[in-house]
Amino acid sequence: MLRFFNTLTRKKEVFETIEDKIVKMYTCGPTVYDFAHIGNLRAYIFEDILHRFLEYSGWTVKRVMNITDIDDKTIAGAKKDGVSLNRFTEKYINAFFEDIRKLRIKIDNIIFSRATEHVPEMVSIIKILMEKGYAYKKENSIYFRISAFPGYGKLSHLDFSEIKTGASVDADEYEKESARDFVLWKGEKDDFSWDTEIGRGRPGWHIECSAMGMKYLGETFDMHTGGVDNIFPHHENEIAQCEMATGKPFVRYWLHCEHLLVNGEKMSKSKGNFYTLHSLLEKGADPVAIRYLLMTTHYRDPLNFTEKSLVQAKNTVDRWNDFYKRIKDARPDVKKNDSISKECIKAENTFREALEDDLNVSKALAGIFELMHFVNNSIAENNISHENLNEAGNLLEKVDYVLQILKPSGETIEPEILGLIEEREQARKTGDFSSADKIRNILREKGIILEDTPSGPRWKKTG
RNA sequence: GGCCAGGUAGCCAAGCGGCAAGGCAGCGGUCUGCAAAAUCGCUAUUCACCGGUUCAAUUCCGGUCCUGGCCUCCA
């Protein structure tokens, strides 16, 4: 039984979808005005684990991720570079896909929808809101009338009766009836405009997610995710405009991912603690270790990113892969040990039940670590069969559909390296250990680590 | 100021009324020609602090301190 913490009710709730075993989910994606930082990437990894686990559990996932390629920042960037909007955002869209590919975030079975390709859909929602009297036009811009929506604030749990029109609130350059009203459509100010039935201009910030979500998932859908900072105003406003346009509930479950800190502080460019995936990889970080680190803290807890914790993550990922390679390489000649099968089932149950409980990744991993411990012990005691190893290997591969931390197996090795390994083995056999150690050091410099086992030497690559 | 999340060993991190999971790092033993890997053992009388409820609290209640977030365009 799947349970998730719903921001709307502030409670963990049993997850029940509109259609049985089908999840319609909308996940907030990037605004493509800059390279993604690791805080953004944490959110995408959270969404990836969620998506993959749902599929692992037998659900059909219908998912949309937006790419916001029109807003103040993208326009400012395009102006600054003196290029078209598309030309400007293309660079960051490509970088985004490159980043998520490296972090093994899935891209198949997801509709990536671009705001600039859905302007007509946005316009039609705005038209409906105007017809119903929930939106008004002022100086060529169109605003949503918040006083028309009694449920305003139900997601963020903010009390708007107290909000005052002050310096920070009334910062908008446009005229509106109430400081709280938000803009649906911005009247033409520059070249970045569309000609539409509601005038020439461009969409406001919140309308694109509403339009794209409802276009692909329907007027009411199951799940919407994003970072906690999106709760207000972005998601609150999405609810307001959708529910007033359709008269139906917009989204059933809202899931939000906490922020990431770096060395206990908010990440910011001025503090010099701003990490992008690119900058970490340049320092030699392993993208799989980054993925592991970003997923092991529960998504609703703040995650403190440090370089030390990244080293720890790297060691853990290496151990995980060592174990996988070990059970692939072992060639035991023993009859089947039923206790291994039982441990595999136990580990899988722990894994599944932990993730079903609001994605408790740490607990899920602990279940697999316990299995590793048990299997390693059995290998040491020579009490595990080939069949048992297959069971453990299959389980590891199965959970890795969600985790994505196993390195691809079937690494190849050059013939000359293989020759060196054989040469060293001959030296060892004749007792010439100084030659053997010399060759082992040469191999180490080439990135090959040797392990002598009863059935001969075993090699692995570093890094 | 209002609202929200969090503070568990050197570090990361579960648990959330009944003797404190797991991982990384460290130390000692086994194995090994030496390593590596693996393995065994050790590493929190204590869960930010102070009160309260209870037979029993890291877990519930009240207060305090610290960290971070939101309160109109930042995942």
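The values are calculated or read from the model by the stated rules, or taken from the named source; none is laboratory data. Being a predicted model, the structure only gives us computed values, none of them experimental. No Cβ is skipped: glycine too gets one built from the backbone with ideal geometry, and neighbour counts run over all protein chains shown. Only protein heavy atoms, including side chains, enter the accessible area calculation; ligands, DNA and RNA are left aside. Shrake-Rupley method; radii C 1.70, N 1.55, O 1.52, S 1.80 Å.
How many residues does the stretch A:93-128 contain that are of a type in the set (Asp, Glu), within 16 Å of the chain's Cα centre (by Cα) and assigned to a helix (DSSP H, G or I)?
Residues meeting the conditions: 2.
Does residue A:311 satisfy the condition of being over 30 Å from residue A:14 (Cβ atoms) and either part of a strand (DSSP E or B) or within 11 Å of RNA strand B (Cβ to nearest atom) (or both)?
Taking the combined requirement at face value, the residue satisfies it.
Could we say that residue A:214 is modelled with pLDDT of 95 or more and either assigned to a strand (DSSP E or B) or within 10 Å of RNA strand B (Cβ to nearest atom) (or both) here?
In short, no.
Condition first: assigned to a helix (DSSP H, G or I) and more than 33 Å from the chain's Cα centre (by Cα). Now tell me which residues in the stretch A:389-417 satisfy that.
A:415, A:416, A:417
Name the residue, out of A:326, A:319, A:252, that is in the same structural domain as residue A:35 (by TED's automatic domain parsing) and either basic (Lys, Arg) or open to solvent by 80 Å² or more (accessible area, probe 1.4 Å) (or both).
A:252
All but one of (1) away from RNA strand B (no atom under 14 Å from the Cβ); (2) open to solvent by 40 Å² or more (accessible area, probe 1.4 Å); (3) without any contact (Cβ under 8 Å) to a residue 60 or more places away in the chain hold for residue A:438; state the number of the condition that does not hold.
Among (1) away from RNA strand B (no atom under 14 Å from the Cβ); (2) open to solvent by 40 Å² or more (accessible area, probe 1.4 Å); (3) without any contact (Cβ under 8 Å) to a residue 60 or more places away in the chain, the lone unmet condition for residue A:438 is (1).
Any residue at all in the stretch A:46-61 that is open to solvent by 50 Å² or more (accessible area, probe 1.4 Å) and part of a helix (DSSP H, G or I)?
Within the stretch A:46-61 (the criterion being open to solvent by 50 Å² or more (accessible area, probe 1.4 Å) and part of a helix (DSSP H, G or I)), the answer is no, since none of the residues qualifies.
Select from the stretch A:383-413 the residues that are over 16 Å from residue A:324 (Cβ atoms) and modelled with pLDDT under 85 and write down the one among them that is least open to solvent (accessible area, probe 1.4 Å).
A:413
Could you identify the single residue in A:35, A:5, A:46, A:53 that is modelled with pLDDT of 95 or more, within 15 Å of RNA strand B (Cβ to nearest atom) and not charged (D, E, K, R)?
A:46
Test residue A:462 against the criterion of being modelled with pLDDT under 90, among the polar types (S, T, N, Q) and open to solvent by less than 80 Å² (accessible area, probe 1.4 Å), and give yes or no.
Taking the combined requirement at face value, the residue satisfies it.
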